[in-house]
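The values are calculated or read from the model by the stated rules, or taken from the named source; none is laboratory data. For clarity, every value in this text was computed on a predicted model and none was experimentally measured. A quick note on method: Cβ atoms are made from the backbone with ideal geometry, for glycine too, and the neighbour counts reach across all protein chains shown. Heads up: the accessible areas ignore ligands, DNA and RNA and are worked out on the full protein's heavy atoms, side chains in. Shrake-Rupley method; radii C 1.70, N 1.55, O 1.52, S 1.80 Å.
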Amino acid sequence: MAEIASAAANVTKGIGGFVASRQQSKALKRQAREEENAGAAQSLRIREQARKVIGQQLAAQSSNGFMGGTGSALDALTESQVNAALDAMTVIRDAGTKAQSLRYEAKMKRTEGWFSLASGLLGSASSVSGMRDDWAQAGQGQSQASMQSMPDNFQVIY
C-alpha cells in the first residue's frame, strides 16, 4: 500500500512541478511584454522632452537676435536631436534585451516543468516496479519480509 501511495505522490509531485513551471513561464512572458511597453513609453517621453528642449533652444536663439536654426545654432539643434534619438534607441534596446532575457528564462522554466513531470512519472514507475518485484518474490516465498520472519531452522520443501 505504501508503494501505491509513493507512486501517486511521485506523479502528483511531477504534475505539480509541471503546472508551477508553466505558471512561472507565463508570468515571465508577461513581464517581458511589460518591459517592452515600458521601454517604448520611456522612449516616447524622451522624444517629447527633446522636442521641448529644441523648441526652447530655437526660442533662445531667436531672442538673442540671431536667425534661429542656422550656422552654429543649427549644429546645436542637430546635436540635441541626435542625442535624443540615441537616448530613445538605447532605452528601446535595453528594454528589448531585458525582454529577450525574460523570454529565455520563461523557456527554461517550461523545460524544467517537462523534466519535473518526467521525473515524477519515472519515480512512480520505479515505485510500481519495486512493488511488482516485491509481490513476485513474496509469491515465491523469497521476499525480505518473509525471509526475516522465518525461524533459522525453517526449511523450504519443494
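If the Cβ limit is 7 Å and pairs must be 6+ apart or interchain, which residue in the stretch 52-71 that is closer than 19 Å to ALA84 by Cα pairs with which residue that is at pLDDT 70 or above and part of a loop (DSSP other than H, G, I, E, B)?
Final answer for the pair search is none.
Kindly indicate which of ALA60, ALA38, ALA32 is of a type in the set (A, V, I, L, M, F, W, C), touching a Lys or Arg at 6+ places or on another chain (Cβ under 7 Å) and surrounded by 12 or more Cβ atoms within 10 Å (Cβ to Cβ).
Result: ALA32 is the single residue among ALA60, ALA38, ALA32 that is of a type in the set (A, V, I, L, M, F, W, C), touching a Lys or Arg at 6+ places or on another chain (Cβ under 7 Å) and surrounded by 12 or more Cβ atoms within 10 Å (Cβ to Cβ).
With the structure loaded, tell me whether LEU86 is modelled with pLDDT of 85 or more and farther than 30 Å from LEU122 by Cβ or whether it fails that test.
The answer is yes for LEU86.
Any idea which of (1) more than 20 Å from the chain's Cα centre (by Cα); (2) polar (S, T, N, Q); (3) surrounded by 12 or more Cβ atoms within 10 Å (Cβ to Cβ) is the one SER72 doesn't satisfy?
So the condition that SER72 fails would be (3).
Cβ-Cβ under 7 Å, sequence separation 6+ or interchain: first residue in the stretch 73-93 and closer than 18 Å to SER62 by Cβ and assigned to a helix (DSSP H, G or I), partner open to solvent by 70 Å² or more (accessible area, probe 1.4 Å) and not charged (D, E, K, R). Which pairs?
ALA73/PHE66
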